[in-house]
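In what follows, a structure is listed as C-alpha cells, so that the remarks can point back to it.
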Amino acid sequence: MIPTTRTRISLRVIALTYIIVLLLVPIGVILWRTFADGIGGFIDQITTPAAISALQLSLLIVAIVVPLNVVFGVATALALVRGRFRGRGVIQAIVDLPFAVSPIVVGVSLILLWGANGWFGGLEDIGIKVIFAVPGMVLATIFVTLPFVVREVEPVLYEIGEEQEQAAATLGASSWQTFWRITLPAIRWGLTYGIVLTIARSLGEFGAVIMVSSNFPGESQTLTLLVHARYIDDHNTYGAYAASTLLMGIAVIALLFMTLLDRKRKTT
Amino acid sequence: MSASVRPPDLSKDPAQAPAGAAPAGASPRPGAATGSAVGPQKKRLRRGVGPLGLGLATLWLSLIVLLPLAAIAVKSMDNGFGGFWDAITTRNALAALRVTVTVSLIVAVINVVLGTLVAWVLVRDEFPGKKFFNALIDLPFALPTIVASIVLLSLYGPRSPIDIQLNATQPALVIALAFVTLPFVVRAVQPVLIELDRDAEQAAASLGAGNFTIFRKIILPPLLPAVLSGAGLAFGRAIGEYGSVVLIGGNIPRETQVAAQYIQEQIETDRPVNAAAVSVTLLLISFLVLLALRLISSRAAKREASAP
C-alpha cells in the first residue's frame, strides 16, 4: 500500500488522537490534580498510617507470591517443554485459564472452596482462616498471576533445546547441577520478565482481592483497595488520586523494566 | 497480561544460545522445537523432567486453578439445572448479562477498527515520538484496573474539567473497557504487519490497484487471524472486567450493572448459588467466543494457505 501523504497523515492523526484522548488526557488530568498544589499533599496522603499499612500488605503479598510462582512456574514450564506425557494440551489450557476468568469469578470460586461454608471450610474450625484474611488474598493473587512465569519461560526452553543439558548429563552432572549451571542461566531473562509481570499484576490486582479481603483500613487493605475505599467510603477524592498516582508510578517503572528486559532478551 | 498476546518468539537469533552451543544453524534439533508429537524420537540420555516435576505441576495447577473452578461449577448446580436456569434468567441477571455482552461487543468492534489502524500507523508510518506512543500502548496492561477507573472518572466524572459527565452511563462502560483492552488487537496485529511481504502490494499498485483494493485484497487477509484473535481476547477481557468499571460504571441494575458487579452483589447478599450460576455463564460465553474465533481464524489460515 502506497498511501498518499494526505491519507497517511489523516490515519496518523486518527490513531494518535485515539491514544491521546483515551490514555494521555485522563492520566494528565489525574497527575495535574495530584500535583497542582505541590508535592507536599501527595507525600502526606501516601504516608498516612492506612497508606503505609496498605503498601506493606501489598509488598507482603508480592513477597509470598513471587517465589511460589517462580518455583512452580519453572517446574510447570519444564514439564510442558521437556516432559513426554499425554494430556499436555490439557495442562497448556489450564495454564491459560486464569486469563479468561473474571477477577470477580476468581474471588467467588475461592470463597466457595476455602470459605467457612466451602469445601475446605473445615480449616476454619481448626483456626486457619483463609477467606477474609491474608492467605485468601495470596491465593487470589497467585490465581491471576499464574500464567506469567510459565508463559515467559516456556518459549526460551524450547529455543535453547536440550543438547547442553544432555551434554552436562553425559559428563556426569546431576539433575540439580544441570539445572543450576545450564538451564537456569539460559532462562534468566525470560524468568525475570515473567517476575516483573507477576509483580506488576500482584500490586495492581483489585477485583479478585477485594472479594476475599475483609477490607479494614490499616489492616487488610492493599494499595488498590485503599484507592477504592478512599474514593467510595471516605470521600477522600484527593487521597484516592494520590494513591493512584503512586500505583501509576509503579506501573511505569514496571514498563521501563519490561522494555529494558525485552532489549536484553534480544541481544544476549 | 502482555504474555497472552505476545506470540512466543521462536525465531530468535540462534546466536542467543549461551557460549558453547553448537554452531548456529549447523545442527538440527530434532524434537526440541517441534515437540514430542512428530518424528521419530531421539534416543534420550536422560529424562528432562521426571514424574516428580510433572506431579508437582499438576498438583499446583489443581490446587490454585482447578479446584476453585470446580467448586464454583458444583455450587451453580446446587439446585439442579432448573435452579441454575432460574438463577441466570432473573430480570437483573439477564439484564446484567445483556449489558455486559452488548458493551463488550461494541468494544471489540472499536478495537478491530481502531486497533488495526493504530497498529498500521505504528508499523508503517514514521513520525517523531513514535517510540513513545508505541511504549504507551502497553500502559493499560501495566496499570491497575482501579487506577484506570479513577483516571477516567477524573476526566468524565462529576468534577470533569471539560464538562462532559459520563459516569453511570453505558458510554462510560465503553470508554473504560476500550481503555483496558487497547493493547490486545494492536499487539496482535503489529508483528504480522511487520512480517508482511510488501512486494505484493507494490506489484498490485503498479498494476493499477487503488489503496482500498490493496488493503482489502492483499493486506487484510493475512492480518485477519491476528485481528480476530486480538478482538477475541479483548472481548473475553471485557465481559469479565470489574475494576475499571467499578467507579465509573455506577452499578445501576438493568442499566449499567455489568455481570461482574451482579455476581459481587449476589455474594454480598448471600446468594452464592446465583453468583456461581452467573459466573459459570460468563465462563461459558468467553469459552464459546474463543472457540468460534479459533474456528474462523483456522479457516482463514487454510484459505490463505490454499491460495495460489
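The values are calculated or read from the model by the stated rules, or taken from the named source; none is laboratory data. All values reported here derive from a predicted model rather than from experimental measurement. Neighbour counts run over all protein chains shown; Cβ positions are idealised from the backbone, glycine included.
As a summary of the residue check, B:Thr100 satisfies the conditions (1) in contact with a Gly (Cβ under 9 Å, 6 or more places away or on another chain); (2) within 9 Å of chain A (Cβ to nearest Cβ) except for the one numbered (2). With respect to B:Ala259, determine if the residue is more than 30 Å from B:Glu201 (Cα to Cα) and in contact (Cβ under 8 Å) with a residue 24 or more places away in the chain. Judged against the criteria, B:Ala259 is a match. What is the residue count in the range A:190-240 for residues that are over 19 Å from A:Leu60 (Cα atoms) and of a type outside the set (S, T, N, Q)? Within the range A:190-240, residues that are over 19 Å from A:Leu60 (Cα atoms) and of a type outside the set (S, T, N, Q) number 14. If you check A:Thr198, A:Thr141 for being closer than 19 Å to A:Gln92 by Cα, crowded, with 24+ Cβ neighbours inside 10 Å and either in contact with a helix residue (DSSP H, G or I) (Cβ under 9 Å, 6 or more places away or on another chain) or not assigned by TED's automatic domain parsing to the domain that holds A:Val252 (or both), only one passes: A:Thr198. Identify all residues within the range B:51-76 that are over 28 Å from the mean Cα position of the chain (by Cα) and more than 8 Å from every other protein chain (Cβ to nearest Cβ); write none if there are none. If the condition is that a residue be over 28 Å from the mean Cα position of the chain (by Cα) and more than 8 Å from every other protein chain (Cβ to nearest Cβ), then B:Pro51, B:Leu52, B:Gly55 are the ones that fit. Test B:Arg198 against the stated conditions and say whether it is of a type in the set (Lys, Arg) and on the phi < 0 side of the Ramachandran plot. Yes, satisfied.
If only one of A:Glu165, A:Glu154 is surrounded by 22 or more Cβ atoms within 10 Å (Cβ to Cβ) and modelled with pLDDT of 90 or more, which one is it? Even if it seems obvious, please write down each step before you answer.
On the way: A:Glu165 fails: modelled with pLDDT of 90 or more.
Sole residue among the options that is surrounded by 22 or more Cβ atoms within 10 Å (Cβ to Cβ) and modelled with pLDDT of 90 or more: A:Glu154.
Contact map, the range A:118-133: residues that are free of Cβ contacts under 8 Å to residues at least 40 places away in the same chain and loosely packed, with under 12 Cβ neighbours inside 10 Å paired with residues that are part of a loop (DSSP other than H, G, I, E, B) and not β-branched (Val, Ile, Thr), Cβ distance under 9 Å, separation 6+ or inter-chain. Pairs shown: A:Asp125/A:Ala116.
Scan the range B:262-308 for residues that are free of Cβ contacts under 8 Å to residues at least 40 places away in the same chain and aromatic (Phe, Trp, Tyr) and the total you get is 1. Every condition in (1) buried (at least 18 other Cβ atoms within 10 Å of the Cβ); (2) free of Cβ contacts under 8 Å to residues at least 40 places away in the same chain; (3) at the interface with chain B (Cβ under 8 Å from one of its Cβ atoms); (4) part of a helix (DSSP H, G or I) holds for A:Pro185 except the one numbered (1). Across the range B:130-187, the number of residues qualifying as of a type outside the set (S, T, N, Q), more than 22 Å from the chain's Cα centre (by Cα) and more than 7 Å from chain A (Cβ to nearest Cβ) comes to 13. Here is a list of conditions, (1) out of contact with any Asp or Glu (no Cβ under 6 Å at 6 or more places or on another chain); (2) at the interface with chain B (Cβ under 10 Å from one of its Cβ atoms), and A:Pro217 meets all of them except one; can you say which number that is? The one condition A:Pro217 does not meet is (2). Among the residues making up the range A:216-244, those that are surrounded by 21 or more Cβ atoms within 10 Å (Cβ to Cβ) and hydroxyl-bearing (Ser, Thr, Tyr) are A:Thr222, A:Thr224, A:Tyr231, A:Tyr241, A:Ser244.
Being in contact with a helix residue (DSSP H, G or I) (Cβ under 8 Å, 6 or more places away or on another chain) and at the interface with chain B (Cβ under 7 Å from one of its Cβ atoms) is a condition met by no residue of the range A:41-60.
Regarding B:Leu224, is this residue in contact (Cβ under 8 Å) with a residue 60 or more places away in the chain, of a type in the set (A, V, I, L, M) and either surrounded by fewer than 16 Cβ atoms within 10 Å (Cβ to Cβ) or part of a helix (DSSP H, G or I) (or both)? It would help to see each step written out before you state the result.
On the way: in contact (Cβ under 8 Å) with a residue 60 or more places away in the chain: yes; of a type in the set (A, V, I, L, M): yes; either surrounded by fewer than 16 Cβ atoms within 10 Å (Cβ to Cβ) or part of a helix (DSSP H, G or I) (or both): yes.
Taking the combined requirement at face value, the residue satisfies it.
Please enumerate the residues belonging to the range A:10-35 that are more than 7 Å from chain B (Cβ to nearest Cβ) and more than 17 Å from B:Leu114 (Cβ to Cβ). Result: A:Gly28, A:Leu31, A:Trp32, A:Thr34, A:Phe35.
Of these, B:Gln266, B:Gln257, which one is outside any helix (DSSP H, G or I) and in contact with a helix residue (DSSP H, G or I) (Cβ under 7 Å, 6 or more places away or on another chain)?
Working: B:Gln266 fails: outside any helix (DSSP H, G or I).
So the residue among B:Gln266, B:Gln257 that is outside any helix (DSSP H, G or I) and in contact with a helix residue (DSSP H, G or I) (Cβ under 7 Å, 6 or more places away or on another chain) is B:Gln257.
On inspection, B:Ala209 does not qualify as part of a helix (DSSP H, G or I), over 25 Å from the mean Cα position of the chain (by Cα) and without any contact (Cβ under 8 Å) to a residue 24 or more places away in the chain.
Listed here are the residues, each with its yes/no results for (1) buried (at least 21 other Cβ atoms within 10 Å of the Cβ); (2) assigned to a helix (DSSP H, G or I); (3) at pLDDT below 90; (4) of a type outside the set (Val, Ile, Thr).
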residue	(1), (2), (3), (4)
B:Ile194	no, yes, no, no
B:Asp197	no, no, yes, yes
B:Arg216	no, yes, yes, yes
B:Gly236	yes, yes, no, yes
B:Ile252	no, no, no, no
B:Gln261	yes, yes, no, yes
B:Lys302	no, yes, yes, yes
B:Pro308	no, no, yes, yes
